[in-house]
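Structure first, then comments.
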Amino acid sequence: MTIGSIVRTRPVPVLYGLMIASLVALLPLPPLLQDQAYHQFADQRELFGIPNFWNVVSNLPFVAVGAVGLLQFHRDATTTVLFVGIFLTGFGSSYYHLDPNDSTLFWDRLPMTICFAAILSAVVEERVDARAGAMLLRPLLAIGIFSLLLWRWTDDLRLYAWAQFFPFLALVLILRLFPPKYTGTRYWVIAAALYALAKLLEFLDEKIYSLGSIVSGHTLKHLAAAAASFAILRLLQTRRPIAP
(Lines give C-alpha, C1' and ligand atoms only; values in the text may rest on other atoms or scores of the structure.)
Protein backbone atom coordinates (compact mmCIF):
# COMPACT_ATOMS: atom_id res chain seq x y z
CA MET A 1 0.00 0.00 0.00
CA THR A 2 1.45 3.35 -1.05
CA ILE A 3 1.53 6.48 1.10
CA GLY A 4 -0.95 8.12 -1.26
CA SER A 5 -3.44 5.28 -0.90
CA ILE A 6 -3.12 5.33 2.91
CA VAL A 7 -3.87 9.07 2.92
CA ARG A 8 -6.89 8.60 0.65
CA THR A 9 -8.39 5.70 2.61
CA ARG A 10 -7.73 7.13 6.09
CA PRO A 11 -7.53 10.89 5.50
CA VAL A 12 -8.73 12.15 8.88
CA PRO A 13 -6.40 10.02 11.07
CA VAL A 14 -3.52 10.84 8.74
CA LEU A 15 -4.25 14.57 8.96
CA TYR A 16 -4.43 14.52 12.75
CA GLY A 17 -1.31 12.37 12.81
CA LEU A 18 0.57 14.91 10.71
CA MET A 19 -0.63 17.70 12.99
CA ILE A 20 0.56 15.91 16.12
CA ALA A 21 3.87 14.81 14.59
CA SER A 22 4.68 18.28 13.29
CA LEU A 23 3.78 19.86 16.64
CA VAL A 24 6.02 17.40 18.48
CA ALA A 25 8.80 18.16 15.99
CA LEU A 26 8.78 21.77 17.23
CA LEU A 27 9.90 20.77 20.72
CA PRO A 28 13.63 20.17 20.08
CA LEU A 29 13.93 23.30 17.96
CA PRO A 30 15.41 26.42 19.58
CA PRO A 31 13.00 29.26 20.42
CA LEU A 32 12.12 31.45 17.46
CA LEU A 33 12.36 35.07 18.56
CA GLN A 34 10.76 38.10 16.95
CA ASP A 35 13.36 40.08 15.02
CA GLN A 36 12.87 43.70 16.06
CA ALA A 37 14.20 44.84 12.67
CA TYR A 38 10.96 43.41 11.24
CA HIS A 39 9.14 46.55 12.38
CA GLN A 40 11.39 48.80 10.26
CA PHE A 41 9.55 48.74 6.95
CA ALA A 42 11.03 50.30 3.86
CA ASP A 43 8.16 52.72 3.14
CA GLN A 44 7.56 54.90 6.19
CA ARG A 45 6.07 57.88 4.38
CA GLU A 46 3.38 59.86 6.15
CA LEU A 47 0.48 61.21 4.10
CA PHE A 48 -2.66 63.05 5.28
CA GLY A 49 -1.37 62.76 8.84
CA ILE A 50 -1.29 58.94 8.64
CA PRO A 51 2.11 57.37 9.42
CA ASN A 52 3.25 54.54 7.16
CA PHE A 53 0.38 55.56 4.90
CA TRP A 54 0.65 52.98 2.12
CA ASN A 55 1.16 50.04 4.47
CA VAL A 56 -1.96 51.17 6.33
CA VAL A 57 -4.36 51.86 3.45
CA SER A 58 -3.28 48.80 1.45
CA ASN A 59 -5.27 46.78 4.01
CA LEU A 60 -8.60 48.19 2.83
CA PRO A 61 -9.14 45.37 0.30
CA PHE A 62 -9.25 42.89 3.21
CA VAL A 63 -12.12 44.84 4.74
CA ALA A 64 -13.99 44.89 1.42
CA VAL A 65 -13.53 41.16 0.71
CA GLY A 66 -14.42 40.23 4.28
CA ALA A 67 -17.56 42.37 4.29
CA VAL A 68 -18.83 40.91 1.00
CA GLY A 69 -18.05 37.40 2.19
CA LEU A 70 -19.93 37.90 5.44
CA LEU A 71 -22.96 39.28 3.62
CA GLN A 72 -23.07 36.33 1.22
CA PHE A 73 -21.80 33.39 3.31
CA HIS A 74 -22.82 33.89 6.94
CA ARG A 75 -24.89 30.74 7.46
CA ASP A 76 -21.96 28.31 7.60
CA ALA A 77 -19.62 28.34 10.60
CA THR A 78 -16.40 27.81 8.65
CA THR A 79 -17.04 30.46 6.02
CA THR A 80 -18.28 32.87 8.68
CA VAL A 81 -15.05 32.44 10.65
CA LEU A 82 -13.03 32.78 7.45
CA PHE A 83 -14.55 36.09 6.40
CA VAL A 84 -14.56 37.45 9.95
CA GLY A 85 -10.83 36.75 9.93
CA ILE A 86 -10.32 38.44 6.56
CA PHE A 87 -12.42 41.44 7.62
CA LEU A 88 -10.54 41.86 10.91
CA THR A 89 -7.19 41.40 9.17
CA GLY A 90 -7.79 44.73 7.45
CA PHE A 91 -8.25 46.48 10.79
CA GLY A 92 -5.59 44.54 12.70
CA SER A 93 -2.91 45.10 10.09
CA SER A 94 -3.81 48.78 9.74
CA TYR A 95 -3.61 49.20 13.51
CA TYR A 96 -0.19 47.55 13.55
CA HIS A 97 1.22 49.66 10.75
CA LEU A 98 0.16 52.89 12.44
CA ASP A 99 2.69 52.08 15.16
CA PRO A 100 4.73 48.94 14.42
CA ASN A 101 5.83 47.11 17.57
CA ASP A 102 5.35 43.71 19.19
CA SER A 103 2.18 44.74 21.04
CA THR A 104 0.37 45.97 17.93
CA LEU A 105 1.75 43.06 15.89
CA PHE A 106 -0.29 40.72 18.10
CA TRP A 107 -3.49 42.28 16.73
CA ASP A 108 -2.17 42.01 13.18
CA ARG A 109 -1.45 38.30 13.54
CA LEU A 110 -4.54 37.28 15.50
CA PRO A 111 -7.09 37.58 12.66
CA MET A 112 -4.62 35.98 10.24
CA THR A 113 -4.42 32.85 12.41
CA ILE A 114 -8.23 32.74 12.29
CA CYS A 115 -8.05 32.83 8.49
CA PHE A 116 -5.44 30.05 8.31
CA ALA A 117 -7.53 27.78 10.54
CA ALA A 118 -10.73 28.41 8.57
CA ILE A 119 -9.05 27.90 5.19
CA LEU A 120 -7.72 24.46 6.11
CA SER A 121 -11.09 23.50 7.60
CA ALA A 122 -12.85 24.65 4.42
CA VAL A 123 -10.54 22.60 2.21
CA VAL A 124 -11.04 19.50 4.35
CA GLU A 125 -14.82 20.03 4.23
CA GLU A 126 -14.77 20.44 0.46
CA ARG A 127 -12.30 17.73 -0.52
CA VAL A 128 -12.19 15.14 2.27
CA ASP A 129 -15.14 15.06 4.66
CA ALA A 130 -17.57 17.84 5.55
CA ARG A 131 -18.04 16.76 9.16
CA ALA A 132 -14.32 16.27 9.76
CA GLY A 133 -13.57 19.72 8.34
CA ALA A 134 -16.14 21.36 10.61
CA MET A 135 -14.74 19.54 13.65
CA LEU A 136 -11.18 20.51 12.73
CA LEU A 137 -11.98 24.22 12.94
CA ARG A 138 -12.07 24.39 16.74
CA PRO A 139 -8.69 22.80 17.52
CA LEU A 140 -7.02 24.81 14.75
CA LEU A 141 -8.46 28.04 16.12
CA ALA A 142 -7.40 27.07 19.63
CA ILE A 143 -3.84 26.32 18.53
CA GLY A 144 -3.63 29.53 16.50
CA ILE A 145 -4.86 31.78 19.30
CA PHE A 146 -2.74 30.00 21.91
CA SER A 147 0.34 30.33 19.67
CA LEU A 148 0.06 34.11 19.83
CA LEU A 149 -0.55 34.16 23.57
CA LEU A 150 2.49 31.91 23.97
CA TRP A 151 4.54 34.34 21.90
CA ARG A 152 3.54 37.27 24.10
CA TRP A 153 4.27 35.25 27.27
CA THR A 154 7.58 33.70 26.19
CA ASP A 155 8.76 35.58 23.05
CA ASP A 156 8.77 32.21 21.23
CA LEU A 157 7.23 32.13 17.75
CA ARG A 158 7.66 28.43 16.99
CA LEU A 159 4.00 27.54 17.47
CA TYR A 160 2.83 30.61 15.56
CA ALA A 161 5.06 29.61 12.63
CA TRP A 162 3.34 26.21 12.69
CA ALA A 163 -0.12 27.82 12.80
CA GLN A 164 0.78 29.87 9.73
CA PHE A 165 2.54 27.31 7.55
CA PHE A 166 0.98 23.94 8.43
CA PRO A 167 -2.44 24.88 6.96
CA PHE A 168 -0.74 26.06 3.75
CA LEU A 169 1.24 22.83 3.37
CA ALA A 170 -1.79 20.68 4.24
CA LEU A 171 -3.87 22.59 1.67
CA VAL A 172 -1.34 21.81 -1.06
CA LEU A 173 -1.24 18.14 -0.03
CA ILE A 174 -5.04 17.81 0.01
CA LEU A 175 -5.43 19.49 -3.38
CA ARG A 176 -2.83 17.11 -4.78
CA LEU A 177 -4.21 13.86 -3.35
CA PHE A 178 -8.00 14.28 -3.27
CA PRO A 179 -10.23 14.73 -6.32
CA PRO A 180 -12.53 17.76 -6.31
CA LYS A 181 -16.16 17.46 -5.26
CA TYR A 182 -16.87 20.99 -6.50
CA THR A 183 -15.81 23.09 -9.44
CA GLY A 184 -13.38 25.94 -8.94
CA THR A 185 -10.16 24.14 -8.05
CA ARG A 186 -8.25 26.79 -9.99
CA TYR A 187 -9.27 29.36 -7.39
CA TRP A 188 -7.61 27.35 -4.61
CA VAL A 189 -4.47 27.11 -6.75
CA ILE A 190 -4.58 30.86 -7.47
CA ALA A 191 -5.08 31.65 -3.78
CA ALA A 192 -2.12 29.46 -2.77
CA ALA A 193 0.09 30.99 -5.45
CA LEU A 194 -0.86 34.53 -4.42
CA TYR A 195 -0.14 33.77 -0.78
CA ALA A 196 3.29 32.41 -1.72
CA LEU A 197 3.84 35.57 -3.76
CA ALA A 198 2.81 37.70 -0.76
CA LYS A 199 5.47 36.04 1.40
CA LEU A 200 8.08 36.67 -1.30
CA LEU A 201 7.07 40.33 -1.60
CA GLU A 202 7.33 40.68 2.17
CA PHE A 203 10.89 39.35 2.03
CA LEU A 204 11.76 41.76 -0.80
CA ASP A 205 10.23 44.80 0.91
CA GLU A 206 13.28 47.05 0.82
CA LYS A 207 14.60 45.88 -2.56
CA ILE A 208 11.31 46.64 -4.27
CA TYR A 209 11.05 50.04 -2.61
CA SER A 210 14.57 50.89 -3.72
CA LEU A 211 13.37 50.75 -7.36
CA GLY A 212 12.32 54.39 -7.50
CA SER A 213 10.74 54.62 -4.01
CA ILE A 214 7.29 54.21 -5.56
CA VAL A 215 5.85 51.25 -3.70
CA SER A 216 7.30 48.82 -1.17
CA GLY A 217 7.28 45.06 -1.17
CA HIS A 218 5.23 45.05 2.03
CA THR A 219 2.49 47.17 0.51
CA LEU A 220 2.39 44.80 -2.48
CA LYS A 221 2.31 41.90 -0.02
CA HIS A 222 -0.96 43.23 1.41
CA LEU A 223 -2.47 43.51 -2.07
CA ALA A 224 -1.34 40.00 -3.07
CA ALA A 225 -2.73 38.49 0.14
CA ALA A 226 -6.01 40.38 -0.32
CA ALA A 227 -6.15 39.07 -3.90
CA ALA A 228 -5.76 35.55 -2.49
CA SER A 229 -8.73 36.26 -0.20
CA PHE A 230 -10.71 37.48 -3.21
CA ALA A 231 -9.88 34.26 -5.09
CA ILE A 232 -11.41 32.27 -2.22
CA LEU A 233 -14.47 34.52 -2.29
CA ARG A 234 -14.86 33.90 -6.04
CA LEU A 235 -14.50 30.17 -5.43
CA LEU A 236 -17.40 30.18 -3.01
CA GLN A 237 -19.47 32.41 -5.29
CA THR A 238 -19.03 30.26 -8.39
CA ARG A 239 -18.41 26.66 -7.31
CA ARG A 240 -20.89 23.95 -8.21
CA PRO A 241 -21.07 20.27 -7.11
CA ILE A 242 -19.41 17.85 -9.50
CA ALA A 243 -21.65 14.92 -10.38
CA PRO A 244 -20.14 11.60 -9.19
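The values are calculated or read from the model by the stated rules, or taken from the named source; none is laboratory data. Only a predicted model underlies this, so the values are computations on that prediction, with no experimental measurement involved. Virtual Cβ from ideal backbone geometry, glycine too; neighbours counted across all protein chains shown. Keep in mind that these areas ignore ligands, DNA and RNA; they rest on the heavy atoms of the full protein, side chains included. Shrake-Rupley method; radii C 1.70, N 1.55, O 1.52, S 1.80 Å.
List of remarks:
- When only Cα pairs below 8 angstrom with a gap of at least 6 residues are kept, the chain shows a relative contact order of 21 percent.
- Helical mean residue ellipticity (222 nm; -39500 (n - 2.57) per DSSP H run of 4+; nearest 500) of the chain: -24500 deg cm²/dmol
- Accessible surface calculations at 1.4 Å, restricted to protein heavy atoms, place the chain at 51 Å² per residue.
- The mean sequence separation of alpha-carbon pairs under 8 Å and at least six residues apart, normalised by the residue count of the range 90-157, gives a relative contact order of 26 percent.
- Residues whose placed amide H lies under 5 Å from that of Tyr182, excluding near-sequence neighbours: Ile242
- Packing order of peptides 198-206, 17-25, highest average first: 198-206, 17-25 (average count of other Cβ atoms within 10 Å over each peptide's residues).
- Here the simple spin-label model places points 7 Å from the Cα toward Cβ, and for Met135 and Ala196 these points are separated by 3.2 nm.
- The mean sequence separation of alpha-carbon pairs under 8 Å and at least six residues apart, normalised by the residue count of the range 1-132, gives a relative contact order of 19 percent.
- Label-to-label distance, Leu29 versus Asp99, with points set 7 angstrom from Cα along the beta-carbon direction: 3.2 nm.
- C-alpha center-to-center spacing [the range 186-210, the range 25-75] in angstrom: 13
- Charge tally for Tyr182 (other residues, Cβ to Cβ under 9 Å; Lys, Arg +1; Asp, Glu -1): +3.
- D by Stokes-Einstein for the chain, Kirkwood Rh over Cα pairs, 25 °C, 0.890 mPa s: 131 µm²/s.
- Here the calculated FRET efficiency for Arg152 and Phe48, from their Cβ-Cβ distance with R0 = 41 Å, stands at 0.80, rounded to the nearest 0.05.
- Nitroxide proxy distance, nm - points 7 Å out along Cα→Cβ at Phe165 and Gln36: 2.5
- Taking the convex hull of the alpha carbon positions in the range 1-126 and averaging its projected area over all directions gives 11.0 nm².
- Solvent-accessible area of the chain (1.4 angstrom probe, protein heavy atoms only): carbon and sulfur portion equals 71 percent.
- Taking Cα atoms only, the orientation of helix 217-238 departs from the longest principal axis of the chain by about 30 degrees.
- Share of pairwise Cα-Cα distances greater than 13 Å in the range 120-159 is 54 percent (whole percent).
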